[in-house]
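Colleague: Structure provided below as structure tokens; questions to follow.
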Amino acid sequence: ISSDADNGTVTFLPLEENSEGKYQIKKCNIYQIQLTHIKDEEWSVSIVAPFPEDWFSDGIVYPKLAWLGNELLSKLAKWSVKQKPSEFKSTLSLISVAQYSRVYQDLKEKYKEIVKVWPEVTDPEKFVYEDVAIATYLLILWEEERKEKRLTKKQSFVDLGCGNGLLVHILNNEGHSGRGIDVRRRKIWDMYGPETHLEESTIVPGDSYLFPDTDWLIGNHSDELTPWIPVIAARSSYSCCYFVLPCCFFDFNGKYSRRQSKKTQYREYLDFVAQVGSVCGFHVEEDCLRIPSTKRVCLIGKNRTYPPTECALIDKQITQYVNNRQTCPVVMCGGRVGFNQKDRSDGVCEEAGSELPENETETAGTVWMPGFQPREKVEQIRNCASLPRDFVDDVVLNVANLLLNATPPKPCSNLHGGNTNSWNQGESLSLKEVAEHLNKETLKRLKSECGGLQTLLKNNHQVFEVLNGRVHIRDWRKQKPSRKTKPEVKRRLSAEAFKTRLCWFFIHHPDGCSLPSESCPYAHGTEELRQSQIIKKKKHI
């Protein structure tokens, strides 16, 4: 980083190590933040990239140009006038940043090929590099722990709710014995090979899911299991530690309900999960990861606040805490919240504090939370993709007309031969303003889908652009040509998809399409339609 306070500039010069161990500037990814004084108390902030056509992005170290312009710029403006201190710790506050950067670059290079053969429908760049970043953090954290505790053997782990299993795959490859467990098998599991240990199983917190021989439990976006992971770690063994990266907000049994309006929902939930760890007898540490996600705060429990002789007391404390968070009293089994599977009667909770015979012992069938709802084995599609096509088309047309009619119509000459500035781009409206113009039944139907209105609009990216919470009509004249650094699979996909769908603007926009037929990626009429071709991806790494 090179800063020039007199001229109000900060220049970022990315360095990369070559095969000879020397560092060279990656010229194509140089960018500069400029602060300019306009007048009085008016200032402007801008970002300049000298070589935008050659820009390389991996989603982590090298962000996308669109992110720099649309996201970072607005955040810089907001942060520069914000006086309130941050709710979170600084990024990578518990480990060496220099060591993290070195290890991350090594792992990114080692596992970058996975992006090209990713068989899931999720974004490969986001998920691959995010898991590489999390693996980097854990590897450094565990290395530091081995030094502190003078351990020679690498730590073992279990990833609860492991999803695509990539984090497990990387940690196994880097010498850590461990496995991942998830309720649903993923396509990519078959690509890892036998050295990566993944299990398809439904996890229900209870005596059947204790891990006494495991050093660390991991909860990476583990949803309904997140608050249970400190509990499982505490009851597995005195030496068991945990790492959780909370995302969706879950309590011990169902969705988390807010209790403090003065905090953001995210901050409040993090405090709840941290409190669970404290109740379980952990000294809970918090850190911010360097990952492409808005939910990037992790909580770590690696040291206990009590001696081994007080395990029974802590276990009783955990039981009381979990019981107090429930609206329905639950049966106490041997001092723990739970019920024996074979003694369950009609699913009705018995009175709390019911006495059991002194010689009653817990069995392997004891679970700790009656009515706990694990994730469904068959994933429900709730991304608006299952909505009827005519319903989606109707919403798209209504929203487009709303944006187009928000500005007075301009005289329109021949679009492809005359003045192209006469094409009606419409106005931008906030998502809230758009929602206010839709009827209640439509909104109710959209709310049943994850993301609702915003997801539907983003799915119809041919017509709309959603930036910083505002909806715009997409102007295809402003779309930049594909970068030469674009992954091969994506380039092939773009080429194969050319003219396989009708152009919405050609059919519905009052001024037609803003592009001539030969430049538009969509078909101007049925005579231009091409048959869609499915690209077969490689099934091995």
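Colleague: If each residue of separation counts as 0.36 nm, what is the full-extension length gain between Glu53 and Leu467 once their alpha-carbon separation is subtracted?
Modeller: 146.8 nm
Colleague: Based on alpha-carbon centroids, what's the gap between region 498-523 and region 94-131 in Å, whole number please?
Modeller: If we compute the Cα centre of each part, the gap is 37 Å.
Colleague: When ligands, DNA and RNA are left out and all protein chains stay put, how many square angstrom of accessible area per residue does region 1-108 have with a 1.4 Å probe?
Modeller: 67
Colleague: Using R₀ = 41 Å, calculate the FRET efficiency as 1/(1 + (r/R₀)^6) where r is the Cβ-Cβ separation of Asn70 and Arg375; round to 0.05.
Modeller: The formula returns an efficiency of 0.80 here.
Colleague: Now for a separate question. Taking amide H atoms as placed 1.01 Å from N in the peptide plane, list the residues 5 or more away in sequence, or in a different chain, whose amide H sits under 5 Å from that of Asp251.
Modeller: Tyr256
Colleague: Still on this structure: About the Cα centre of region 64-216, what is the dipole size in debye to 20, counting +1 per Lys and Arg Cβ and -1 per Asp and Glu Cβ, all else neutral?
Modeller: Computed about the Cα centre, the dipole is about 680 debye.
Colleague: Given a 1.4 angstrom probe, I'd like the percentage of the accessible area of region 131-226 that is carbon and sulfur, rounded to a whole number.
Modeller: 43
Colleague: I've got another one for you. Solvent-accessible area per residue for region 211-302 at a 1.4 Å probe radius, Å²?
Modeller: Computed with neighbouring chains in place, this is 33 Å² per residue.
Colleague: Per residue of region 318-325, in order, report the coupling 6.51 cos²θ - 1.76 cosθ + 1.60 (Karplus, θ = phi - 60°) as ³J(HN,Hα) in whole Hz, putting x for Gly and Pro.
Modeller: Going residue by residue, I get 4, 4, 5, 5, 4, 5, 5, 8 Hz, with x marking Gly and Pro.
Colleague: How long is the gain from Leu502 to Thr122 if the chain were fully straight, where each residue apart is worth 0.36 nm and the alpha carbon distance is subtracted? Could the numbers behind the result be given before it?
Modeller: Working: separation 380, 0.36 × 380 = 136.80 nm, distance 2.51 nm.
Full extension from Leu502 to Thr122 adds 134.3 nm.
Colleague: Could you give each residue of region 135-152 its phi-based ³J(HN,Hα) in whole Hz, using Karplus coefficients 6.51, -1.76, 1.60 with θ = phi - 60°, and x for Gly or Pro?
Modeller: Along region 135-152, the couplings run 4, 4, 4, 5, 4, 6, 4, 6, 5, 5, 5, 5, 5, 5, 9, 6, 9, 9 Hz.
Colleague: Given the alpha-carbon gyration tensor of region 148-243, what are the semi-axes of its equivalent ellipsoid in whole angstrom, ordered largest first, with each equal to the square root of 5 times an eigenvalue?
Modeller: Details: eigenvalues 84, 66, 20 Å².
For region 148-243, the semi-axes come out at 21, 18, 10 Å.
Colleague: Ignoring ligands, DNA and RNA, please state the percent of accessible area on region 234-317 from carbon and sulfur, probe 1.4 Å.
Modeller: 52
Colleague: Right, another one. Scan region 12-55 for GluC sites (Glu not before Pro) in coil per DSSP, keeping those whose Cβ has at most 11 other Cβ atoms within 10 Å, and list them by number.
Modeller: Listed in order of number, the matching sites are Glu20, Glu41.
Colleague: For Asp393, what accessible area in Å² do you get when you roll a 1.4 Å probe over the heavy atoms of the protein chains, rounding to the nearest 10?
Modeller: 80
Colleague: Right, another one. Per residue of region 436-443, what does 6.51 cos²θ - 1.76 cosθ + 1.60 with θ = phi - 60° give for ³J(HN,Hα)? Whole Hz please, x for Gly and Pro, Karplus curve as stated.
Modeller: Computed from phi, the couplings for region 436-443 are 5, 9, 9, 6, 5, 5, 5, 5 Hz.
Colleague: Looking at this model, which pairs from Lys263/Lys316; Lys64/Lys112; Lys75/Lys187 are more than 27 angstrom apart at the alpha-carbon?
Modeller: The pairs that break the limit, which is 27 Å between Cα atoms, are Lys263/Lys316; Lys75/Lys187.
Colleague: Remind me, what semi-axes does region 92-134 give for its equivalent ellipsoid, largest first in whole Å, using sqrt of 5 times each Cα gyration tensor eigenvalue?
Modeller: Working from the Cα gyration tensor, I get semi-axes of 23, 12, 5 Å.
Colleague: How many angstrom lie between the C-alpha centres of region 199-236 and region 284-313?
Modeller: 14
Colleague: For Asn405, which sequence-distant residues (separation of 5 or more, or a different chain) have an amide H within less than 5 Å of its own amide H, given hydrogens modelled in the peptide plane?
Modeller: none
Colleague: Please compute the length gained on full extension between Ser90 and Lys26, using 0.36 nm multiplied by the number of residues separating them and subtracting their Cα-Cα distance.
Modeller: 20.4 nm
Colleague: If you don't mind, there's one more thing I want to ask. For Asn220, enumerate residues with amide H under 5 Å from its amide H, sequence gap 5+ or separate chain, H modeled in the peptide plane.
Modeller: Leu160, Leu245
Colleague: Next up: Carbon-plus-sulfur fraction of the accessible area of region 8-49, 1.4 Å probe, in percent?
Modeller: Details: 1550 of 3010 Å².
In region 8-49, the share of accessible area belonging to carbon and sulfur is 52 percent.
Colleague: Roughly how many Å² of Arg184 are accessible to a 1.4 Å probe, to the nearest 10?
Modeller: 60
The values are calculated or read from the model by the stated rules, or taken from the named source; none is laboratory data. Just so it is clear, the structure is predicted and the values come from calculations on it, not from any experiment. When we count neighbours, we look across all protein chains shown, and the Cβ atoms used for this are built from the backbone with ideal geometry, even at glycine. Surface areas here come from the heavy atoms of the whole protein model, side chains and all, with no ligands, DNA or RNA. Shrake-Rupley method; radii C 1.70, N 1.55, O 1.52, S 1.80 Å.
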